[in-house]
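A short reminder: the numbers here are calculations on the coordinates, not readings from a lab. Small disclaimer: the values here were computed from a predicted structure and weren't measured. Cβ: placed from backbone, ideal geometry, glycine included. Neighbour counts: every protein chain shown.
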């Protein structure tokens, strides 16, 4: 296990947390949860304020890193976080999706330094699984042959 990362969650359906193919890791969408407990619930801009949504995004980022570390053995094998996609359950009129995802981006840089810098898409959506305010998936380049 990598220091300062949470325990990974079991998938919520018939899929795997991470697929590694050709040196690229695809991490399934992570909700801000611990086991079956959703830590945050509601729409951002209504029940969930910006600061809370950023914390939820940070939890999702930590879970993505934990799943990635479990799949490849260590975060030391991460060559670069290539892209993150953040989904924000948004109340009507909420337009700060990219600011919500700053909470996730900061986690990747804190854990990986320059290897944590990434391309990013932030999308506002009507609903997310379990009523979560945020969901995050990532794509990472993995060092092979070590």
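The rows are residues; the columns are (1) over 15 Å from the mean Cα position of the chain (by Cα); (2) surrounded by fewer than 20 Cβ atoms within 10 Å (Cβ to Cβ); (3) on the phi > 0 side of the Ramachandran plot.
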site	(1), (2), (3)
55	no, yes, no
70	no, yes, no
78	yes, no, no
84	no, no, no
113	yes, yes, yes
119	no, yes, no
123	no, yes, no
127	yes, yes, no
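Return yes when residue 140 is buried (at least 20 other Cβ atoms within 10 Å of the Cβ), closer than 20 Å to residue 21 by Cα and in contact with a strand residue (DSSP E or B) (Cβ under 8 Å, 6 or more places away or on another chain) and no when it is not.
yes
Go through the stretch 112-146 and give me each residue that's closer than 13 Å to residue 29 by Cβ and touching a helix residue (DSSP H, G or I) at 6+ places or on another chain (Cβ under 8 Å).
Passing the criteria: 123, 132, 134, 135, 136, 137, 138.
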